[in-house]
Amino acid sequence: MTAPALDALEALESEAIHIFREVAGELERPVILFSGGKDSTLLVHLAVKAFAPAPVPFPLLHVDTGHNYPEVIAFRDELVDRLGLRLHVPHVQDWIDDGRLVERPDGTRNPLQTQPLLDTIAEHRFDAVFGGGRRDEERARAKERIISLRDAFGRWDPRSQRPELWNLYNGRHAPGEHVRVFPISNWTELDVWRYIQREGVALPSIYYAHERDVFRRDGMWLAEGPWGGPRGAEQLVHKTVRYRTVGDGSCTGAVESAAVTVEEIISEVMASRLTERGATRADDRLSEAAMEDRKREGYF
């Protein structure tokens, strides 16, 4: 008898679980990047399924900019406690306080995450770093392999990408190097939400429509917070919004939405012609190659 064919979500889940298990078998000290956003929460859900009934065999890592939404930090801490996971939290503020980093004039701290990330990888000797990047998000991320080599300085060179034939993944690296691993590379935003719906994955409340005071800047609705704003002629207005992606509050915009259920969000995503990063991430608008430049420096 032939095995029944997997549907699209089952095939994506199977691929991601296979990647988790392969990396756990090949490398010594993996870690999962975890921000509390939907993609990193999906990674944790898949890791739990990959190793159940045993616990997830590696920790989580969140580079805290200090400019996070309180709802997301509360969700992060609740999830870690509920699942009994280990969490490393390097704080960007510590690097600023001791002079290793300097606050940017525009107030955003998203690009400042790179050095704390690389320092923490080196300190704990992590040799594989799982991330929630997807190829549909942004052109630089579309260049990534499932397993992406980083040199001894944490830098990414697209010319050093290795071929990945079938489901064979190469995690080999020299001392001091490490690999970034992207188990959901082949997922789309719509796949993510359909899987969240099917699995009943809990997310931070800001992914669903809620009322919030926001101001308009560079075509996006930003919330006031420790990152600054509104400035000059910018005015706070009360809107019903939700977030399609979660990151540093200074560069992550909300979208006007009345979607309070996963089903309604799926309908919105199906109608959208912009990826979530393209619609709501100011840090990707700094230049045509903003993401690629940051990845070459060691960013996610």
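Applying the condition of being within 24 Å of residue 269 (Cα to Cα) and aromatic (Phe, Trp, Tyr) to region 212-242 and asking which residue is most open to solvent (accessible area, probe 1.4 Å) yields 221. With the requirement that a residue be outside any loop (DSSP other than H, G, I, E, B) and surrounded by fewer than 21 Cβ atoms within 10 Å (Cβ to Cβ), what does region 55-75 give you? Those that are outside any loop (DSSP other than H, G, I, E, B) and surrounded by fewer than 21 Cβ atoms within 10 Å (Cβ to Cβ): 64, 70, 71, 73, 74.
Answer yes or no: is there a residue in region 23-41 that is closer than 22 Å to residue 208 by Cβ, aromatic (Phe, Trp, Tyr) and either in contact with a Lys or Arg (Cβ under 6 Å, 6 or more places away or on another chain) or surrounded by 13 or more Cβ atoms within 10 Å (Cβ to Cβ) (or both). The answer is yes; a qualifying residue exists.
Taking region 182-236 as the range and being within 16 Å of residue 276 (Cα to Cα), of a type in the set (Phe, Trp, Tyr) and part of a helix (DSSP H, G or I) as the test, the residues that pass are 193, 207. Residues in region 142-191 that are crowded, with 21+ Cβ neighbours inside 10 Å and hydroxyl-bearing (Ser, Thr, Tyr) were compared, and the one that is farthest from residue 19 (Cα to Cα) is 148. Only a single criterion out of (1) out of contact with any Pro (no Cβ under 6 Å at 6 or more places or on another chain); (2) without any contact (Cβ under 8 Å) to a residue 24 or more places away in the chain; (3) among the hydrophobic types (A, V, I, L, M, F, W, C) is not satisfied by residue 192, namely (2). Looking only at residues in region 93-141 that are open to solvent by 50 Å² or more (accessible area, probe 1.4 Å) and small (Gly, Ala, Ser), the one that is nearest to residue 179 (Cα to Cα) is 122. Looking across region 243-300, the residues that are at pLDDT 85 or above and open to solvent by 40 Å² or more (accessible area, probe 1.4 Å) come down to 256, 258, 260, 261, 263, 264, 267, 268, 270, 271.
The values are calculated or read from the model by the stated rules, or taken from the named source; none is laboratory data. Here the structure is a predicted model, which is why all the values come from computation and not from measurement. All Cβ positions, even for glycine, are placed from backbone atoms using ideal geometry, and neighbour counts span all protein chains on display. Protein only, heavy atoms only, side chains kept; ligands, DNA and RNA dropped before computing areas. Shrake-Rupley method; radii C 1.70, N 1.55, O 1.52, S 1.80 Å.
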